[in-house]
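A short reminder: the numbers here are calculations on the coordinates, not readings from a lab. The structure presented is a predicted model; accordingly, all values stated were derived computationally and were not measured. Cβ coordinates were reconstructed from backbone atoms using ideal geometry, including for glycine residues, and neighbour counts include every protein chain displayed.
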Amino acid sequence: MVEEHLDSDEDALDPDYIQPESDTEEVDGSAAEDGVAVVSDGEEEDCNELGDDDDGEGEDCSELGDDQNQGDMFVVTKKRYSYCLYCSQPQQKLPRHCARRHADEILVAEAVAAHDTKEKRAKWLHIRKLGNHEHNNLVLKGEAKDLVVRRRPTSKKKSQVHSFVPCAHCYGYYHRQTLWKHNRDCPRKKGIQVLKSNHVRAGRKLMAYRYEPSAQMKQCLDKCIHDKVSLVIRNDKNILRVGDTTLSTSNSSRNGDKAMEKMRVLGKLLLSARTLSADITDAKDLVHPSNFDVVVDSAKCVSGFNEETQTHNSYSCALRVGYALSDLAGAVKSSYVKDQNRVRVTEVDDFLYLLKSEWHARITASAHRQRQEMSWKAPKLLPLTEDTVKFNSHLKQEEKKVKAVIELEGKPSVTTYKRLATITLAQVVVFNRRRPKEVEMITVDDYKQQMSKEKPVHDEVMKSLSAPEKIALERLSMLMVRGKRGRGVPVLLPNNLKESTDLLADYNDGKKFLFSRTGDGCQTPLRAYQVVSDLAEEPGLKDPASIRCTKLRKHLATMSQLLALKKNELEQLANHLGHDVVTHREYYRLPMETILLAKVSKLLSLAEEGRLHEFKGKSLSEVAISEDDSVEVTNSESGAESDLSDSEEIVQAPCGGVESQSRKDTPSAGAARPAKAYNRWTNEQESFLKGQKEIQVMLKSKKIPGKSLCQLVIQRSNGLLHDKKWHHVKNKVHNMNTAAKPKQV
């Protein structure tokens, strides 16, 4: 909190008041930065007295001398003076100056005619604040340097110009962190109740622009953070044009955020370029071909590029700079074309050529490389199924508790409504795996309009549905909301969520959003991502940090790989998630290590053994090989033995079948194989093998056991299978599965 004190107007109007000497310290101009207001220690004096002992005119303070630092920086004056509302000149004796020079003005006449000391003081103070406000608007436009504020910090540290905001009622400038104190007791409110959350934003609306932006752009600038970058944006018409173009062309629900993101990138780039070259003053200078190398160095400075490691502190910022520069060049070129300035148009074209030919090699190549490395090195962590089930159960239990409280209260209280809204919002996001912005931006009018309409189902479609699908159609309600890039995406609501959303719609009747905040003047809804992360900490999950909106979406897309989805079913899943199939496969379906080990290891094992030809025309799921076989590779001789054994056993299969030719009768390219005694299975051994539960499961699922299971069965036999090795058991189960398959005609 900034410590500050108020100028004493009562002392200034006291006829016995003696003006104190200034005890301020000199501020080193070299320590100030661009856009920084250097605030001196001491109190700003009110020189509003109409002294009868001084017959001269008030001192003219037009020459600031040492009170203002030189250079392109805003400075809060150290001398005690105010700016005249009518002639815009700094005056130390403002009331006397106005009474003698501007006596015909209405406000001055009212102040002079006032007899009550308190009333006189208030009127002169209002004139003084209005004059300072007019001057401070010139400071914000970059046309003046000294910002005159009502309260100044007592500390000797620097205070930035953008930290001061005018009061929406009296136009006095106060620090934004302490404006609420003045707003609480401002005498010019006249009983108007102003919310604490809006007094800073209301004051920012009074701050002037050098170039008048559009109404939509004003809303974006009022909501954004105010710092050095925002001052640069407000006073550069080309950056504002880029923002207006983004607002007009973007089809996203976040077009305001995207416009501010692009403008702030250009503002940071311009601030950095000004420190590197004195030739760059405005954004249009950035797209001059002679300044291309300076722009490259500025982009590296903004993204925090390290020459030794060739990495960026913020590679995403490096990637955004190129797109922002391209838009800026387009805006500057359009203005030059309208002015018929062909020379400037050619210069912008040359800059675009340099941007296209050199920008990738000097900036974006390293940023793309860094992003790709971070992408595949980052652990692919997904929510545990146990955690998701427990989280859903917790939400349902809390929903029942809140509804029980509402039944007792009749009308939900503020606390009850907030709890119901957070739980319902989290349930809708988690159940539908929707993006948080898509759900939180649902409006009350849109919800009521869609829920009131009947959605008839085509008779042919109804006949094609199965019984479970018809039941789901009856118990679910569907709401279409705006998704990414303007596409409509569905939100499915079970009956319990439908009841909760109906309660929220009735409670927020007259407000904009279905999940509105509890404040009377709040114009934004609850944040779904924050709601989900907060509720994930309640039920005591193993990994609550994994319960996030994006990770839940990737969890659904990744787990869907376990199902054999057809192409049209995959398209339906992608459409529900709000993207196409290509995006679904590239960004949402994460490679599961378990699937890689279980399936791809089959292919690698068969290739190592040279047995790929045996499974010609089969998919990986149909390949009958266990994971344990990839550890031990059998030699050609043992392989021949197992092949001979397999062929003989298939001939004598009890279920009958076409007798296959033994491999010993098949001519080979090499020398004839020596005759070997067959290790046949007795009926007792075969019955024991079929009686094992693990083997029964393998026979039902048409799978074969691995090495460890085969060795376990041999140990259980108590010597019955003493003449069998583990691969004999595996081959026997394989032959049983093959013999049980239906005949192909």
Linear extension gain, residue 458 paired with residue 119, 0.36 nm per residue minus alpha-carbon span:
114.4 nm
For region 339-356, Karplus-derived ³J(HN,Hα) couplings (6.51, -1.76, 1.60; θ = phi - 60°; whole Hz; x for glycine and proline) come out as 7, 6, 9, 5, 5, 5, 4, 5, 5, 5, 4, 5, 5, 5, 5, 4, 4, 6
Rounded, prolate or oblate: which one fits region 234-297, using the alpha carbon gyration tensor with axes a ≥ b ≥ c (rounded when a/c is under 1.5, else prolate when a/b beats b/c, else oblate)?
prolate
Output ³J(HN,Hα) for region 268-276: one whole-Hz value per residue in order, computed from phi by the Karplus curve 6.51 cos²θ - 1.76 cosθ + 1.60 with θ = phi - 60°, and x for Gly and Pro.
5, 5, 5, 4, 5, 5, 5, 6, 8
So for R0 = 45 Å, FRET eff. of residue 178-residue 372 from the Cβ-Cβ r, to 0.05, ends up at 0.40
Tell me which residues come under 5 Å, amide H to amide H, from residue 477 once H is placed; ignore anything under 5 positions away on its chain.
493
Two pseudo-spin positions, 7 Å from Cα along C-beta at residue 499 and at residue 413, lie apart in nanometres by 2.2 nm
Exceeding 25 Å between C-alpha atoms, which entries from my cross-link table qualify? They are 228/356; 396/453; 403/484; 237/262; 700/724; 223/498.
228/356; 396/453; 403/484; 223/498
Vicinal HN-Hα couplings computed from phi for region 501-515 (Karplus, 6.51 cos²θ - 1.76 cosθ + 1.60; Hz; Gly/Pro x)
5, 5, 4, 5, 5, 5, 5, 8, 4, x, 9, 7, 9, 5, 10
Measuring from centroid to centroid over Cα atoms, what is the spacing of region 278-332 and region 456-513 in Å?
47 Å
